[in-house]
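Enquirer: Please find one structure pasted underneath; my questions will follow.
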Amino acid sequence: MKKLLFVVALITFNFFSYGQNLKKFQCRDHKYGFKDKNTGEIVIPCRYDFVAGEFSEGIALILDNEKGWGYIDETGKTVIPFKHKYAHRFSDGLAAVYINDKWKFIDRNNKDVLSNLPYDHVIYFSEGLAAVGLNDKWGFIDKTGKVVIPLWYQSATSFSEGLAPTKLNGKWGFIDTNGKIAVQFRYDEVYNFCEGLAAVKLGGKFGFIDKTGKIVVPLRYDHVYDFRDGLAGVRLNGKWGFVDNTGKAVTPLKYQVIWDFSDGLALVQHNNRHGAIDKTGEEVVPINFGYEEAKKRMEIVIELLKLFDES
């Protein structure tokens, strides 16, 4: 605790150089570019019509309204031409793209790995498998294109931590990479596993289950975020807070907005002001700033804590 208080006292007076970590931003002309998220320095100017998420495996998925989807690297160089009607981000070293009325997978060098796939829908590879859909039925293929889980589900998404959300008879559950049912089909909504737990929704309320299907955080919340650093954001009656992986509230549910924990700290908004809290709910950056200033101060605290840990 003394170490943390000392760090907080130093944040106004210390500045550090950070490695490049790019984050998209939008300019007044509605074009997109990328900034260094720590310094705010513009690394790639605003010249793109749309950016799908952030960089994945060192490559970003970009839209040119006239030409189509393509990919750039972290210097802004076009590495895969803007010519695809649809596209997904890179994952497991491959990206799914749609061109000439067919889906295919390409590698980082724009070489075809799987081409002319006979599916209506294709989702990116994760843990060696990709969800594919044909005539409203979904299953999974491997990187050779072989169907390893038959197309008999109503819907499916990518694998995470060994399990994938799948829908059957109007309800969602989970299967493993062998196609075996791991969690029965009983939920209205489910989300990928993260840190061993998955958010599920039933009867209008959210909670969390483990990989056996056991409910470990009761289904009582209006909305939830995935677990990060051992905690998950939960909302009840319009207010947000955090619970641990047993369902115990570790902060009051009082915040207007919360962000995920990163390196033990999380940004929060209360009474229209921003600050940062630790995992006990203690304010390490007072909730008295605008978003950008609070974020900058939190990042400085994180870097200082890392320095102390190394010393």
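Enquirer: Residue by residue through segment 280-296, note down the ones that are of a type in the set (Asp, Glu), within 21 Å of VAL250 (Cα to Cα) and out of contact with any Gly (no Cβ under 7 Å at 6 or more places or on another chain).
Expert: GLU282
For (1) at pLDDT 95 or above; (2) surrounded by fewer than 17 Cβ atoms within 10 Å (Cβ to Cβ); (3) not hydroxyl-bearing (Ser, Thr, Tyr), each residue gets a yes or a no:
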| position | (1), (2), (3) |
| --- | --- |
| ASP136 | yes, yes, yes |
| ASP142 | yes, yes, yes |
| SER160 | yes, no, no |
| ILE175 | yes, no, yes |
| LEU202 | yes, yes, yes |
| PHE206 | yes, no, yes |
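Enquirer: Exactly one condition in (1) in a loop (DSSP other than H, G, I, E, B); (2) free of Cβ contacts under 8 Å to residues at least 40 places away in the same chain is false for VAL243; which is it?
Expert: (1)
Enquirer: What is the residue count in segment 86-107 for residues that are over 25 Å from GLU127 (Cβ atoms) and either assigned to a strand (DSSP E or B) or among the small types (Gly, Ala, Ser) (or both)?
Expert: Residues meeting the conditions: 1.
Enquirer: Please go through segment 64-111 and give me each residue that is in contact with a Ser or Thr (Cβ under 8 Å, 6 or more places away or on another chain) and not hydrophobic (A, V, I, L, M, F, W, C), ordered by number.
Expert: Across segment 64-111, the qualifying residues are GLY70, TYR71, ARG89, SER91, ASP92, LYS102, LYS104.
Enquirer: Please tell me if LYS83 is in a strand (DSSP E or B), out of contact with any Leu (no Cβ under 9 Å at 6 or more places or on another chain), surrounded by 14 or more Cβ atoms within 10 Å (Cβ to Cβ) and of a type in the set (Lys, Arg). Lay out the reasoning, then the answer.
Expert: Values: in a strand (DSSP E or B): yes; out of contact with any Leu (no Cβ under 9 Å at 6 or more places or on another chain): yes; surrounded by 14 or more Cβ atoms within 10 Å (Cβ to Cβ): yes; of a type in the set (Lys, Arg): yes.
Considered against the rule, which asks whether it is in a strand (DSSP E or B), out of contact with any Leu (no Cβ under 9 Å at 6 or more places or on another chain), surrounded by 14 or more Cβ atoms within 10 Å (Cβ to Cβ) and of a type in the set (Lys, Arg), LYS83 comes out as yes.
Enquirer: Also: Of all the residues that make up segment 36-56, how many are more than 18 Å from TYR71 (Cβ to Cβ) and either in contact with a Leu (Cβ under 8 Å, 6 or more places away or on another chain) or aromatic (Phe, Trp, Tyr) (or both)?
Expert: 2
Enquirer: Additional query: Condition check: closer than 22 Å to GLU299 by Cα and either buried (at least 16 other Cβ atoms within 10 Å of the Cβ) or at pLDDT 95 or above (or both). Does LYS104 satisfy that?
Expert: It is false that LYS104 is closer than 22 Å to GLU299 by Cα and either buried (at least 16 other Cβ atoms within 10 Å of the Cβ) or at pLDDT 95 or above (or both).
Enquirer: A follow-up question, please. Which one of these is under 21 Å from TRP172 (Cβ atoms) and in contact with a Cys (Cβ under 9 Å, 6 or more places away or on another chain): ASP210, ASP226, ASP222?
Expert: Working: ASP210 fails: in contact with a Cys (Cβ under 9 Å, 6 or more places away or on another chain); ASP222 fails: in contact with a Cys (Cβ under 9 Å, 6 or more places away or on another chain).
Unique residue meeting the criteria: ASP226.
Enquirer: For segment 251-280, what are the residues that are assigned to a loop (DSSP other than H, G, I, E, B), touching a strand residue (DSSP E or B) at 6+ places or on another chain (Cβ under 8 Å) and surrounded by fewer than 16 Cβ atoms within 10 Å (Cβ to Cβ)?
Expert: PRO252, LYS254, GLN256, ASP260, ASN271
Enquirer: In addition: How about segment 125-170: which of its residues are part of a strand (DSSP E or B) and among the hydroxyl-bearing types (Ser, Thr, Tyr)?
Expert: Scanning segment 125-170 gives SER126, TYR153, SER155, SER160, THR166.
Enquirer: Based on this model, can you work out whether PHE174 counts as closer than 30 Å to TYR255 by Cβ, among the aromatic types (Phe, Trp, Tyr) and within 22 Å of the chain's Cα centre (by Cα)?
Expert: On the way: closer than 30 Å to TYR255 by Cβ: no; among the aromatic types (Phe, Trp, Tyr): yes; within 22 Å of the chain's Cα centre (by Cα): yes.
Considered against the rule, which asks whether it is closer than 30 Å to TYR255 by Cβ, among the aromatic types (Phe, Trp, Tyr) and within 22 Å of the chain's Cα centre (by Cα), PHE174 comes out as no.
Enquirer: On to the next question. Can you report the number of residues in segment 40-68 which are crowded, with 16+ Cβ neighbours inside 10 Å, of a type outside the set (A, V, I, L, M, F, W, C) and either in a loop (DSSP other than H, G, I, E, B) or at pLDDT below 95 (or both)?
Expert: Count: 1.
Enquirer: Residue under question is LEU5, and the condition is that it be hydrophobic (A, V, I, L, M, F, W, C), closer than 30 Å to ILE302 by Cα and either at pLDDT below 95 or in a strand (DSSP E or B) (or both); does it hold?
Expert: Here the answer is yes, as LEU5 does meet what is asked.
Enquirer: ALA60 - would you say it is within 18 Å of the chain's Cα centre (by Cα) and closer than 24 Å to PHE159 by Cβ?
Expert: Yes: the conditions hold for ALA60.
Enquirer: Can you tell me which residue within segment 69-80, out of those that are assigned to a strand (DSSP E or B) and touching a residue at least 24 places away in the same chain (Cβ under 8 Å), is surrounded by the fewest Cβ atoms within 10 Å (Cβ to Cβ)?
Expert: Across segment 69-80, the extreme among qualifying residues is VAL79.
Enquirer: Pull out all pairs, ordered by first then second residue, where Cβ-Cβ is under 6 Å, the residues are six or more apart or on different chains, the first lies in segment 272-297 and is over 16 Å from LYS37 (Cα atoms), and the second is part of a loop (DSSP other than H, G, I, E, B) and among the acidic types (Asp, Glu).
Expert: VAL284/ASP278
Enquirer: Report, by residue number, each residue of segment 68-100 that is of a type in the set (Gly, Ala, Ser) and more than 21 Å from GLY145 (Cα to Cα).
Expert: GLY68, GLY70, GLY76
The values are calculated or read from the model by the stated rules, or taken from the named source; none is laboratory data. This structure is a prediction, so every number in the text was calculated from the model and none was measured. Methodologically, a virtual Cβ is constructed for each residue, glycine included, from the backbone with ideal geometry; neighbour enumeration extends over all protein chains shown.
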